[in-house]
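For reference, the structure is listed below as structure tokens.
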Amino acid sequence: MRLRLLIYGLLLVCCVPFVFPIWWMATTSLKPVSEIFAFPPSLLPASPTLDAYRQVFALQPFGRQYVNSLYIALVVTIGTLAVSSLAGYAFARVRFRGSGAVFLIVLTGLLVPNEVTIIPLYKMFDAFGLVDTHWPLILIPMLGAPSVLATFIMRQFFITLPSELEEAGRVDGLGRFGLFWRVCLPLARPAIGAVAIFTFLHSWNLYLEPIVFLSSKQKFTIPQALTQYVDAYGGPMWNTQLAAATLSALPVLIIFILAQRQFVEGLAQTGLKG
């Protein structure tokens, strides 16, 4: 019993560096500006107010920008799951000549920084007339490095599935796509959960691509919108920025709470086999 209490105590101490910044962000967003810089600082607002949250929506179209980030992240997540699950299954279960070399070439996409490809991508999307639209924010993550990482995770999971499952499916008359759709994909829920969280978080926090491709405030995403809360002299509006940041963190926290079991299982079962 004492050992268990000691372990729980150590875990609580280890949680402080991770939980305290979130607590400080949420509570400070409820403080007036004069109280934010008071000394000594307080953990709870003495005079809580929602003025900062009202300013978040009054100073710019934050609701529209919130919806922009949400639907882009959902589309990217669904698209990445479709691409990575099919590609991961092909690399794991379909044997063809040169599959190992092709997979190695695909993995090299993880080694190329976004900053290296952003100018060629801008010229390409500009040639198609897609600058200042959400298409670059959808297509680049779906077909770029995040999708490569998702493909790797899905491949590693599919490799762990016993071949007897597919053999039983073939006896029942299933073709290659039927084996993928009816046999392997339903078993890949843990890996799908891990990929979904990774992908949604990456798309939700995307910053470089929005500032390069978007110029209209109505089309901004959350990370880009957070930089717009400044006063007339260019200084940060601290309570308003923290209120917007608190709102922006809610979807990620909700998704992780709902899918944390699949997230942990996906990472544990994926491994490094193959």
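For this structure, a couple of remarks:
- In the set (1) within 25 Å of PRO190 (Cα to Cα); (2) of a type in the set (A, V, I, L, M, F, W, C); (3) open to solvent by 80 Å² or more (accessible area, probe 1.4 Å), the condition left unmet by ALA92 is number (3).
- Residue match in the range 220-229 (condition: more than 21 Å from the chain's Cα centre (by Cα), surrounded by fewer than 18 Cβ atoms within 10 Å (Cβ to Cβ) and either outside any helix (DSSP H, G or I) or modelled with pLDDT under 90 (or both)): yes
- Residues (open to solvent by less than 10 Å² (accessible area, probe 1.4 Å) and under 25 Å from LEU139 (Cα atoms)) located in the range 182-192: ALA188, ALA191
- One residue alone among ILE211, ILE192, ILE197, ILE222 is free of Cβ contacts under 8 Å to residues at least 60 places away in the same chain and among the aliphatic types (A, V, I, L, M), and that residue is ILE211.
- Hits in the range 137-181 (condition: exposed (fewer than 15 other Cβ atoms within 10 Å of the Cβ), closer than 22 Å to LEU111 by Cβ and in contact with a helix residue (DSSP H, G or I) (Cβ under 6 Å, 6 or more places away or on another chain)): none
- Verdict on ALA87 being surrounded by 12 or more Cβ atoms within 10 Å (Cβ to Cβ) and within 17 Å of LEU214 (Cβ to Cβ): no
- The requirement of being modelled with pLDDT of 85 or more, within 18 Å of ALA244 (Cα to Cα), surrounded by 11 or more Cβ atoms within 10 Å (Cβ to Cβ) and touching an Asp or Glu at 6+ places or on another chain (Cβ under 9 Å) is fulfilled nowhere in the range 14-26; no residue meets it.
- One residue stands out in the range 185-208 among those that are in a helix (DSSP H, G or I) and touching a Phe, Trp or Tyr at 6+ places or on another chain (Cβ under 6 Å): the one that is farthest from ILE254 (Cα to Cα), namely ALA191.
- Residue satisfying condition, being over 25 Å from LEU206 (Cβ atoms) and either among the hydroxyl-bearing types (Ser, Thr, Tyr) or under 28 Å from the mean Cα position of the chain (by Cα) (or both), within set LEU6, LEU107, LEU11, LEU43: LEU11
- Flag for GLU265 being modelled with pLDDT under 90 and either in a helix (DSSP H, G or I) or surrounded by fewer than 19 Cβ atoms within 10 Å (Cβ to Cβ) (or both): yes
- Subset of the range 59-82 that is of a type in the set (Gly, Ala, Ser) and within 18 Å of ALA243 (Cα to Cα) - its residue that is least open to solvent (accessible area, probe 1.4 Å): SER69
- Any hit, the range 154-161, residues being farther than 30 Å from ASN205 by Cβ and without any contact (Cβ under 8 Å) to a residue 24 or more places away in the chain: no
The values are calculated or read from the model by the stated rules, or taken from the named source; none is laboratory data. Because the structure is predicted, anything quoted here is derived from the model rather than measured. A quick note on method: Cβ atoms are made from the backbone with ideal geometry, for glycine too, and the neighbour counts reach across all protein chains shown. Note: areas computed on protein heavy atoms with side chains; ligands, DNA, RNA excluded. Shrake-Rupley method; radii C 1.70, N 1.55, O 1.52, S 1.80 Å.
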